[in-house]
Amino acid sequence: MIKKVAVLPGDGVGKEVTKGAVDVLKVVAQRFNHQFEFTYGLIGGAAIDEEGTPLPIHTVETCKQADAVLLGAVGGTKWDELPSHMRPERGLLAIRKELDLYANLRPVTYYDSLVDSSPLKKEYIEGVDFIIVRELTGGLYFGKPSERRTEGSKEAVVDTLFYKRDEIERIIRQAFEMAVNRRKKVTSVDKANVLESSCLWREIAAEVAKEYPDVELEHMLVDSAAMQLIRNPQHFDVVVTENMFGDILSDEASMLTGSLGMLPSASLTVNGPSLYEPVHGSAPDIAGQNKANPIAAILSAAMMLRYSFGLEEEAKVIEQAVENVLNAGHRTADLANGLHYLSTEKMVEAIVDVIADDSAIVNIMTAYS
């Protein structure tokens, strides 16, 4: 298989973790006789510094010509004083719109070896395995008007939460399609007791559910969902929600695994390349120190193999290699609880070594056969 991958390292630790993910993809390609061609583009603060815009046109073209996109992270304190339309995060929002990346998938998986890294007790997080399906191209982040204005003599501000019926329907349908192959349960999260948009969201969820009689649907208010994610996370299978709620809840869910550095994500489209990125941000406080956790980026690369390329075995090899390394006691700084930890590069090397090891690969493949 020959596939083109557009790599957008972005800012801060994004450069370090995407390099690690690319290193892992290269060893997977070697082991399974694939060819991945990597092309690089600028986004976020790096693009602002180089070209005066958070998303250059040629970066968009590079992505559209690829089979998938691997993104690092954007943003940092360096650009905090820029006007809102020039902030690095605008590049991220823009690429989502340009590629119509409507569905963001954020799996949350329990690792027994990391039980001490989570602030929650083992009995609360043991066996956790759910996925958050977040609508990605609508809602408050994209609605118009979104501006500061003057009302009379007073300063005012407005953001608009806007959705079309078909935008809501397609993300809810995506959640049900995923639930069919999981534990057949969808939790639709909204704020229907306050927001009109959530009332429509709830109506559409009930309509779509009729097409999937084997899948259980429950409605849950977002404030209750935030509590239940900590109080009873085993309750969830597939969680579907709108853009801002999904952003907040998925970051909260990172505490179940012990660190944002463990959470990968996939942003899917109907036509064209999908985009894969770690959930964490650019972490400017540790950028360039070789301390970032590359696992979320590496697991995002595994999601790319699964969802964009249909390479299920290869994806599972990466995921199991990560688990093997964690089971062996290797940790990055965010997971080490003050104990000895590996650098970013050393953690990548440990994962690459497992994938390159013939006996380890045989054991992994046997486990999945």
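Key figures
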{"quantity": "Yes/no for D247 being under 12 Å from the mean Cα position of the chain (by Cα) and over 18 Å from Y110 (Cα atoms)", "calculated": "yes"}
{"quantity": "Residue check, T77 hydroxyl-bearing (S, T, Y) and closer than 21 Å to R96 by Cβ", "calculated": "no"}
{"quantity": "Odd one out for P56, checked against (1) modelled with pLDDT of 95 or more; (2) surrounded by 19 or more Cβ atoms within 10 Å (Cβ to Cβ); (3) under 27 Å from D285 (Cα atoms); (4) touching a Gly at 6+ places or on another chain (Cβ under 8 Å)", "calculated": "(2)"}
{"quantity": "Enumeration of residues in segment 156-203 that are in a helix (DSSP H, G or I) and hydroxyl-bearing (S, T, Y)", "calculated": "S197, S198"}
{"quantity": "Conditions (1) modelled with pLDDT of 95 or more; (2) under 30 Å from R90 (Cα atoms); (3) in a loop (DSSP other than H, G, I, E, B): number failed by M304", "calculated": "(3)"}
{"quantity": "Residues (closer than 24 Å to K64 by Cα and acidic (D, E)) located in segment 247-303", "calculated": "E277"}
{"quantity": "L114 being modelled with pLDDT under 95 and of a type in the set (A, V, I, L, M)", "calculated": "yes"}
{"quantity": "Test: M220 is in contact with a helix residue (DSSP H, G or I) (Cβ under 8 Å, 6 or more places away or on another chain) and either part of a strand (DSSP E or B) or farther than 18 Å from N104 by Cβ (or both)", "calculated": "yes"}
{"quantity": "Counted residues, segment 106-163 - those being within 24 Å of the chain's Cα centre (by Cα) and charged (D, E, K, R)", "calculated": "7"}
{"quantity": "Close pairs (9 angstrom Cβ cut-off, 6 or more residues apart or separate chains): touching a residue at least 24 places away in the same chain (Cβ under 8 Å) and within 11 Å of P294 (Cα to Cα) in segment 321-334, buried (at least 21 other Cβ atoms within 10 Å of the Cβ) and β-branched (V, I, T) anywhere", "calculated": "V322/I295; V322/I298; V322/I351; V322/V354; T332/I295; T332/T344"}
{"quantity": "Qualifying residue in segment 76-87 (condition: within 29 Å of P284 (Cβ to Cβ), over 16 Å from the mean Cα position of the chain (by Cα), among the polar types (S, T, N, Q) and surrounded by 15 or more Cβ atoms within 10 Å (Cβ to Cβ))", "calculated": "no"}
{"quantity": "Members of segment 1-45 that are under 20 Å from T77 (Cβ atoms), touching a residue at least 40 places away in the same chain (Cβ under 8 Å) and not β-branched (V, I, T)", "calculated": "P9, G10, D11, G12, G14, K15, E16, G44, G45"}
{"quantity": "Verdict on V354 being β-branched (V, I, T), assigned by TED's automatic domain parsing to the domain that holds A21 and either at pLDDT below 95 or within 18 Å of the chain's Cα centre (by Cα) (or both)", "calculated": "no"}
{"quantity": "I125 vs. criteria at pLDDT below 95 and closer than 30 Å to L268 by Cβ", "calculated": "yes"}
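The values are calculated or read from the model by the stated rules, or taken from the named source; none is laboratory data. Owing to the predicted nature of the structure, the values given are computational and were not obtained by experimental measurement. Note that each Cβ is placed from the backbone with ideal geometry, even for glycine, and that neighbours are counted across all protein chains shown.
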